[in-house]
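A short write-up of the structure that comes next.
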Amino acid sequence: MFRFRPVDGAFYDLFSEAAQQLVVGAGLLAEMFDATSDSEAVAERMREAEHTVDDMVRAIITRVNSTFVTPFDREDIHTLATQIDDVMDLLDEAVDMLLLYDIPAMPAEVSEQAQVLQICAELTAEAMPRLRTPQQLGDYVSEINRLERSGDRAHRRIIAELFGGGYKALQVLKVKDVVECLERAIDAFEAVATTVEQIAVKES
């Protein structure tokens, strides 16, 4: 008789820890919009959080390659890890842009995008430990989809305002870069939710 090794539950812990870093990253992004914050220090903390996620993602991939029995599909584990890394990279990119561009004033709706990202990060962090029972994650997926639509609406309003004639050309370009990065980050959170949904379907 073949004796199979138990399923390696460490994947759940690694995904949970990585998602907690997304909460840290989204919080640091929000700090960048606070005029009283030390932008250089916030950006440095963001880089540290991004490196932490890189390390966790490498640990997940290494574990996939060395584990005989995984808790769910190997390809889905790889995809989910990569997508979490993509979110963190985009949060880091947005913080870096805000530091380098030194934009004196942003459209008010940009803070709405940042708030959407914070909520997405918190929901994702809450969802990762529940991967053990992915069939119960439908509420998480639907809420992320709703937030993504909200982010889309904010994005359209910001772009309309930018090209409404009230901003100088250089400022339009800088703000648009940041706004597009934030939009991609929100989309990346939706990609994470889509993968979680696929895992739930396969495991049901």
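Would you say residue 52 is at pLDDT 95 or above and either among the β-branched types (Val, Ile, Thr) or buried (at least 16 other Cβ atoms within 10 Å of the Cβ) (or both)? Here the answer is yes, as residue 52 does meet what is asked.
Cβ-Cβ distances below 9 Å connect the following pairs, each with a first residue in region 8-20 that is farther than 16 Å from residue 122 by Cα, a second residue that is assigned to a loop (DSSP other than H, G, I, E, B) and of a type in the set (Phe, Trp, Tyr), and a separation of six or more residues or different chains: 8/68; 11/72. Checked against the criterion of being hydrophobic (A, V, I, L, M, F, W, C) and either within 27 Å of residue 169 (Cβ to Cβ) or in contact with a strand residue (DSSP E or B) (Cβ under 9 Å, 6 or more places away or on another chain) (or both), the candidates 60, 103 yield just one match: 103. Does residue 203 satisfy the condition of being surrounded by fewer than 20 Cβ atoms within 10 Å (Cβ to Cβ) and in contact with a Lys or Arg (Cβ under 9 Å, 6 or more places away or on another chain)? Here the answer is no, as residue 203 does not meet what is asked. Any chance region 157-166 includes a residue that's of a type in the set (D, E, K, R) and in contact (Cβ under 8 Å) with a residue 40 or more places away in the chain? Checking region 157-166: at least one residue is of a type in the set (D, E, K, R) and in contact (Cβ under 8 Å) with a residue 40 or more places away in the chain. Taken over region 31-41, the criterion of being modelled with pLDDT of 95 or more and aliphatic (A, V, I, L, M) is satisfied by 41 alone. When region 28-70 is filtered for residues that are assigned to a helix (DSSP H, G or I), without any contact (Cβ under 8 Å) to a residue 12 or more places away in the chain and closer than 20 Å to residue 113 by Cβ, only 31 remains. Looking across region 154-172, the residues that are surrounded by 13 or more Cβ atoms within 10 Å (Cβ to Cβ) and part of a helix (DSSP H, G or I) come down to 154, 155, 157, 158, 159, 161, 162, 171, 172. Looking at residue 81, is it closer than 30 Å to residue 173 by Cβ and under 12 Å from the mean Cα position of the chain (by Cα)? Taking the combined requirement at face value, the residue does not satisfy it. So for region 109-118 (the condition being assigned to a helix (DSSP H, G or I), within 10 Å of the chain's Cα centre (by Cα), modelled with pLDDT of 95 or more and under 22 Å from residue 204 (Cα atoms)), does at least one residue qualify? No, there is no match, as no residue in region 109-118 is assigned to a helix (DSSP H, G or I), within 10 Å of the chain's Cα centre (by Cα), modelled with pLDDT of 95 or more and under 22 Å from residue 204 (Cα atoms).
Of all residues assigned to region 130-138, at least one qualifies as being among the basic types (Lys, Arg), closer than 18 Å to residue 19 by Cβ, surrounded by fewer than 18 Cβ atoms within 10 Å (Cβ to Cβ) and free of Cβ contacts under 8 Å to residues at least 24 places away in the same chain.
The values are calculated or read from the model by the stated rules, or taken from the named source; none is laboratory data. Every value quoted in this text rests on a predicted model; they were computed, and no experiment measured them. Ideal geometry is used to build each Cβ from the backbone, glycine not excepted, and the neighbour counts take in all protein chains shown.
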